[in-house]
Amino acid sequence: MTEPPTDFRTEWWVKKFDDIDRELAQLAIICKVPLLDPGVIERALKNDATVCGAPNPAVFGKLRSLLMMHYAVRDKAVEALGGTDAQALINAVVARLRERLGGKLGG
């Protein structure tokens, strides 16, 4: 895996993704949504609450909103950093979440 470059601008983007993705993980755990399983994110974005193992409409709504925010921030990061660097830092954030949470997010 390519390490993301370390500079102030990159660290700012890492913090943004870390904040959003950490909360996404917490909400996914509450609703028992295996976010990292194939197709689950797309279904959640389409408002398919059947991805929840523990139905909770309010939490699922927030999870869906945060997923949309993640993608909006990702688009801005690609503009600011370029596609390769933006993807590298997103991969690093997701890897840290996987490390902390184990299989609770699927995948």
Ratio of the Cα radius of gyration of the chain to 2.2 N^0.38 Å, where N counts its residues = 1.07
inquiry  = Counting other C-beta atoms within 10 Å, and keeping those with at most 10, which DSSP coil GluC sites (Glu not before Pro) do you find in the range 1-105?
reply    = none
key: Cα-projected label distance for Arg43 with Glu23, points at 7 Å along beta-carbon direction, nm   = 2.5 nm
ask   = So how strong a dipole does the range 21-100 carry about its Cα centre when Lys and Arg Cβ are +1 and Asp and Glu Cβ are -1, to the nearest 20 debye?
value = 240 debye
inquiry  = Below 8 Å between Cα atoms, with a sequence gap of 6+, how large is the relative contact order for the chain in percent?
reply    = 42 percent
inquiry  = If you fit an axis through the alpha-carbon atoms of helix 83-101 and take the longest principal axis of the Cα set of the chain, what angle between them do you get, 0 to 90°, nearest 10?
reply    = 50 degrees
ask   = Between the helical axis of 8-31 and the dominant principal axis of the chain, each derived from Cα atoms, what acute angle in degrees is found, rounded to the nearest 10?
value = 10 degrees
query = Helix 57-81 versus the longest principal axis of the chain: what angle, 0 to 90°, nearest 10, using Cα atoms?
reply = 20 degrees
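Laboratory data are not the source of any read-out in this text; all were calculated from the coordinates shown. Since the model is a prediction, treat every value here as computed from it, not as a measurement. As a convention, Cβ positions derive from the backbone with ideal geometry for all residues, glycine included, and neighbour counts pool all protein chains shown.
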